[in-house]
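> I have a structure here, written as structure tokens, and I will follow up with some questions on it.
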Amino acid sequence: MLFEYLLRRISLLVFMVFTLTVFTFSLNYLFPGDLLTNFSGQVNSNYSQTQILAQKYHINENLLMQYGAFLVRIASGDWGVSLSSGQSVFEHVSRLFPATLELCVYALGVAVLLGIPAGIVASAYHRRWPDRVINSLTLMGFSIPIFWLALLLIMVFCLSFGLFPMSGRIGLLYEIEPISNFILIDIAIQGFPYHGLAFFDALRHLALPTVVLAMYPTTVLVRFTRDSMLHVLEQNYIKTARAKGLNRRQLILHHALRNALLPVIKQIGLQFSTLITLAMVTEVIFSWPGIGRWLIDSIYQRDYPAIQGGLLAVSMFVILANMLAEFSHSLFDPLSRNQAYGKV
Amino acid sequence: MRNLVLGALCTYLLGCVDASQQQANEKSQGLVYCAEANPVSFNPQVTTTGSTIDLIASQLYDTLISIDPETAEFKPELATSWAVSDEGKSITFTLRQGVAFHSTDYFRPSRTLNADDVVFSFSRLFDVYNPYHFVGDAEYPYFQSVGIDQLIRKVVKVDEYTVRFELFNAESSFLSNIATDFAVILSQEYAQQLIAQKNKPAFDNLPIGTGPYKYKNFLRDNLIRYHRNEQYWKYPVPMQQLVFDITTNGTSRIAKMLTKECDITAHPSATQLSVLKDREDIRVDKAANLNIGYWAFNTERPPFDSLLVRKALAHSVDFDKIMQAVYYGNGILARSHLPPSSWAFQAQDNIPRYNPELAKQFLKEAGYENGFNMTLWAMPVSRIYNPNARKMAELIQSDLKAIGISAQIIEYEWNTFVERIGKHEHDSVLLGWAADTPDPDNFFSPLLSCTATFSGKNPANWCHPEFDLLLTQALDTTDIALRKTYYYQAQQMLIDQLPLIPIAHGVRFQATSNDVTGVTLRPFGGISLGQVRRN
């Protein structure tokens, strides 16, 4: 049963990756400029170089061959070179992506830690003041555009009070060797250099971007948890339990929570795709050296190989994250595996 | 249990006190300079981009001689003395002994600087037999535009510490050119090591010089890290570390200054200076600078090949408004191509002034009474000569609209921008030039000569043989009075021909944290951060 479900998911994944690569491949034709330059990122190459490139990229053969060669290159990590830096796009992506991922993971962590308990509290005190407070705060958080929130926080905490730095991942004077490219992990691997100060400084740099990025998923999770809890609390088995004389705490912790959290788990995974999009905005504002900022810079510079590589990496990641979320959800909730059979 | 918590708290607090001392210590050993753009290269020979020169030239390298910013006299650097003979056609430099090259994780020098290094560094610029001449497509924009390949016959190693330059003909600006930030001395031993490793392109990206700092790493769009050169010959370098924080946005640079993420900030925008002035811990320095911000036309492209059109454009723009809106009163309205502080300056009376009626008339005469479409390229970074090209472009755009010309503003990332301008893809461009030497030739040859057109450094794509002749004549003599008359004629010719319209001369601003000293602003060339320290 589970195996069958997995198979179905994987075939869907293959199809999506196929569509994605076809789209990325066709970008080479859709972008203005020389086809070979779009593919390789080599500009002003001389005749013999052009010949070698044409052969490598199978330019003179039919589209299918070109696409095949494209797939082989993507798989082998040869994503061309960036027009603006002259360095390998794959290298850029593998250096920058962890930074974005790190930010997203922390933001999601904060969202889960704050959002779910808040949602539970709101449902437990349904229509009483904790519910109202949480509800209005959520609505506010949900409505604030994050670029505005980011600027506001910078104004208050960076410029007025000077509490937090406003850019980057760590004070530039701290030299941290990139190993995993996850800054906190790197600092930990290197044994907390500078007497732990580097770690502390990295945390300070993380604070504001994490808060900004966590805002949206937190509000979503609060609302989702609350609705789901309210739904479960309406169920007959809860009423039965209540009739038996269980108090609210027992009711929620032992009976309602487990069932209510199931759809929330799925939601956490689905948040990842929204999070990546929001991360781009956050990265630009906080000069966070991640893939979003790089991608936006590349668009500004019309760096076609970089745009292609960045898009491919980000969308591939979103697809994978969604897949994983659904899969883990189906592990917890066997019922959901059947839904794909198309109920009306 | 409570004791345990208290104990933990105490240790934490103690740790914090200890830590903050440590932090102060850590900070005092490094300095962050917020820069406006990525470097194009790490070798000053291959670029004229001012933002790059600021970051690399004086920090990593030394030159044979330099020019004293106050007296404008030549000062010994890597050359302790020099002698001119054979009517200026032969110049002999005696080199300083015991100057160590940088020792880094990618190169360990086995010897100190000698004549081979000097011969190698200069022959790369013009000698096709130099193994590095064709690395990076043999582009040496500054030297090519001043015509170094037609100037130096050869560079001869006389002995271990003596080098002789033999010239085809004496040229009055030769020593000034040798004293620019571009004429750095590179390590020949390092060059040979890279040949052995078959990795010649690394030469311009992993630099080895003799300057106060040595290269550690560079992350594009993020930072450049230098470490102190412990063996610097000139003085002990105070700072352990120098980091360039690459922040292209001017407002972000000021904000980082306020949050203490930067110690020094390049080119704070004049509009935001008031924010900094209220702060007691930040000072803003202002220095006169030899530069010119201009609007250049691609004179090879119709309709800009027509003088009437260029005149019409020049008369259509209200430059007084630009002075207020872009320079905020911190610039000097240009009255010639040269800045007034240059000794060859002559105010041009017939410089075009705002007169839209006249502009329309010129357009009509040129046959464009219905106007035309054009592109207006605005540089994306703030430089001394043009603090806000985007805004300037918008003002010009609206003025042009009034005479029926529709201009489209084009922006690219800075290095891409410079590259595309070099290929003359523009119709017109807002750009500028900051001098590298006080010699007036520096404003003409590298910018408007025919050779500059070929090397892509002539933004007007303008090659005028008579103008070139004037420049050559001015260089062929050392008689200042005679040179002046040639430069007067050259300035006049520029206003008559209008390949570009001089707009203004900017003032250099720099915001510095109050605890940082040792930064000096020079009227020409890049900045030097060798002696900055934190008190």
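The values are calculated or read from the model by the stated rules, or taken from the named source; none is laboratory data. All figures in this text were calculated on a predicted structure; none of them were measured in a lab. Because the Cβ atoms are built from the backbone with ideal geometry, glycine has one as well, and the counts that use them run over all protein chains shown.
> Quick check on the stretch A:121-142. Is at least one of its residues within 14 Å of chain B (Cβ to nearest Cβ) and either in contact with a helix residue (DSSP H, G or I) (Cβ under 7 Å, 6 or more places away or on another chain) or of a type in the set (Gly, Ala, Ser) (or both)?
No, because not a single residue in the stretch A:121-142 is within 14 Å of chain B (Cβ to nearest Cβ) and either in contact with a helix residue (DSSP H, G or I) (Cβ under 7 Å, 6 or more places away or on another chain) or of a type in the set (Gly, Ala, Ser) (or both).
> A follow-up question, please. Does any residue of the stretch B:422-432 turn out to be over 30 Å from B:CYS34 (Cβ atoms), crowded, with 23+ Cβ neighbours inside 10 Å and either modelled with pLDDT of 90 or more or touching a Pro at 6+ places or on another chain (Cβ under 7 Å) (or both)?
yes
> It is to be established whether one or more residues within the stretch B:397-406 are farther than 18 Å from B:ALA460 by Cβ and within 14 Å of chain A (Cβ to nearest Cβ).
Within the stretch B:397-406 (the criterion being farther than 18 Å from B:ALA460 by Cβ and within 14 Å of chain A (Cβ to nearest Cβ)), the answer is no, since none of the residues qualifies.
> Considering the stretch B:203-221 alone, what residues qualify as being surrounded by 17 or more Cβ atoms within 10 Å (Cβ to Cβ) and either among the small types (Gly, Ala, Ser) or part of a loop (DSSP other than H, G, I, E, B) (or both)?
Matches in the stretch B:203-221: B:LEU206, B:PRO207, B:ILE208, B:GLY209, B:THR210, B:GLY211, B:PRO212, B:ARG220, B:ASP221.
> So how many residues does the stretch B:108-123 have that are assigned to a loop (DSSP other than H, G, I, E, B) and buried (at least 20 other Cβ atoms within 10 Å of the Cβ)? Reasoning before the result, please.
Residues of the stretch B:108-123 that are assigned to a loop (DSSP other than H, G, I, E, B), as a first pass: B:108-114.
Filter once more, keeping what is buried (at least 20 other Cβ atoms within 10 Å of the Cβ): B:113.
Residues meeting the conditions: 1.
> Of the residues that make up the stretch B:245-264, is at least one away from chain A (no Cβ under 14 Å) and in contact with a helix residue (DSSP H, G or I) (Cβ under 7 Å, 6 or more places away or on another chain)? Even if it seems obvious, please write down each step before you answer.
Within the stretch B:245-264, the subset away from chain A (no Cβ under 14 Å) is none.
No.
> While we're here: Looking only at the stretch A:280-330, count how many residues are away from chain B (no Cβ under 14 Å) and crowded, with 24+ Cβ neighbours inside 10 Å.
Number satisfying all stated conditions: 3.
> Further, regarding this structure: What's the number of the only condition in (1) more than 20 Å from the chain's Cα centre (by Cα); (2) touching a residue at least 12 places away in the same chain (Cβ under 8 Å) that B:GLN192 fails to meet?
Evaluating B:GLN192 over (1) more than 20 Å from the chain's Cα centre (by Cα); (2) touching a residue at least 12 places away in the same chain (Cβ under 8 Å) leaves (2) as the failure.
> Pick from the stretch A:110-130 the residues that are of a type outside the set (Val, Ile, Thr) and without any contact (Cβ under 8 Å) to a residue 24 or more places away in the chain: which of them is farthest from A:ALA256 (Cα to Cα)?
Within the stretch A:110-130, the subset of a type outside the set (Val, Ile, Thr) is A:111, A:113-115, A:117-119, A:122-130.
Subset that is without any contact (Cβ under 8 Å) to a residue 24 or more places away in the chain: A:113, A:117, A:125, A:127-130.
On the way: A:LEU113: 19, A:PRO117: 13, A:TYR125: 14, A:ARG127: 18, A:ARG128: 19, A:TRP129: 21, A:PRO130: 19 Å.
Step by step, filter the stretch A:110-130, then rank; the result is A:TRP129.
> Could you grab me the full set of residues in the stretch B:310-325 that are of a type outside the set (S, T, N, Q), farther than 15 Å from B:LEU500 by Cβ and out of contact with any helix residue (DSSP H, G or I) (no Cβ under 9 Å at 6 or more places or on another chain)?
B:ASP320, B:MET323
> Among B:THR478, B:THR437, which is more than 23 Å from the chain's Cα centre (by Cα) and assigned to a loop (DSSP other than H, G, I, E, B)? Let's see the steps before the verdict.
Details: B:THR437 fails: more than 23 Å from the chain's Cα centre (by Cα).
Exactly one residue qualifies, and that residue is B:THR478.
> Same structure again: With respect to the numbered conditions (1) over 21 Å from A:SER82 (Cβ atoms); (2) among the hydrophobic types (A, V, I, L, M, F, W, C); (3) in contact (Cβ under 8 Å) with a residue 60 or more places away in the chain, which one is the sole condition not fulfilled by A:VAL14?
Among (1) over 21 Å from A:SER82 (Cβ atoms); (2) among the hydrophobic types (A, V, I, L, M, F, W, C); (3) in contact (Cβ under 8 Å) with a residue 60 or more places away in the chain, the lone unmet condition for A:VAL14 is (3).
> Then there is this: Would you tally the residues in the stretch B:180-194 being among the hydrophobic types (A, V, I, L, M, F, W, C), surrounded by fewer than 24 Cβ atoms within 10 Å (Cβ to Cβ) and more than 16 Å from B:VAL119 (Cβ to Cβ)?
Total meeting the criteria: 1.
Here is a yes/no grid of residues against (1) within 28 Å of B:HIS424 (Cβ to Cβ); (2) part of a loop (DSSP other than H, G, I, E, B); (3) among the β-branched types (Val, Ile, Thr); (4) in contact with a strand residue (DSSP E or B) (Cβ under 7 Å, 6 or more places away or on another chain):
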residue	(1), (2), (3), (4)
B:PHE304	yes, yes, no, yes
B:ARG310	yes, no, no, yes
B:ILE322	yes, no, yes, yes
B:TRP343	no, yes, no, no
B:ALA347	no, yes, no, no
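> Scan the stretch A:61-115 residue by residue and report those that are of a type in the set (D, E, K, R) and closer than 26 Å to A:VAL264 by Cα.
Within the stretch A:61-115, A:GLU102 is the sole residue that qualifies.
> I need the full set of residues from the stretch A:177-213 which are touching a residue at least 24 places away in the same chain (Cβ under 8 Å), assigned to a loop (DSSP other than H, G, I, E, B) and either within 10 Å of chain B (Cβ to nearest Cβ) or under 23 Å from B:LEU242 (Cα atoms) (or both), in order please.
A:PRO178, A:ASN181, listed by residue number.
> With the stretch B:34-96 as the region, which strands (runs of 3 or more DSSP E) entirely inside it contain at least 2 residues that are without any contact (Cβ under 8 Å) to a residue 60 or more places away in the chain and over 20 Å from B:ILE208 (Cβ atoms)?
It comes to B:74-76, B:79-85.
> Would you mind stating whether B:MET257 is crowded, with 19+ Cβ neighbours inside 10 Å, part of a helix (DSSP H, G or I), touching a residue at least 40 places away in the same chain (Cβ under 8 Å) and not acidic (Asp, Glu)? Break it down stepwise before answering.
On the way: crowded, with 19+ Cβ neighbours inside 10 Å: yes; part of a helix (DSSP H, G or I): yes; touching a residue at least 40 places away in the same chain (Cβ under 8 Å): yes; not acidic (Asp, Glu): yes.
Answer is yes for this residue.
> Which of the residues that make up the stretch A:153-176 are part of a helix (DSSP H, G or I), more than 7 Å from chain B (Cβ to nearest Cβ) and without any contact (Cβ under 8 Å) to a residue 40 or more places away in the chain?
Those that are part of a helix (DSSP H, G or I), more than 7 Å from chain B (Cβ to nearest Cβ) and without any contact (Cβ under 8 Å) to a residue 40 or more places away in the chain: A:MET155, A:VAL156, A:SER160.
> Right, another one. Determine which member of the set A:LEU251, A:LEU261 is closer than 30 Å to A:ALA207 by Cβ, over 17 Å from the mean Cα position of the chain (by Cα) and crowded, with 17+ Cβ neighbours inside 10 Å.
The conditions single out A:LEU261.
> Considering only the stretch B:223-244, how many residues are buried (at least 18 other Cβ atoms within 10 Å of the Cβ), within 12 Å of another protein chain (Cβ to nearest Cβ) and part of a loop (DSSP other than H, G, I, E, B)?
Residues in the stretch B:223-244 being buried (at least 18 other Cβ atoms within 10 Å of the Cβ), within 12 Å of another protein chain (Cβ to nearest Cβ) and part of a loop (DSSP other than H, G, I, E, B): 1 in total.
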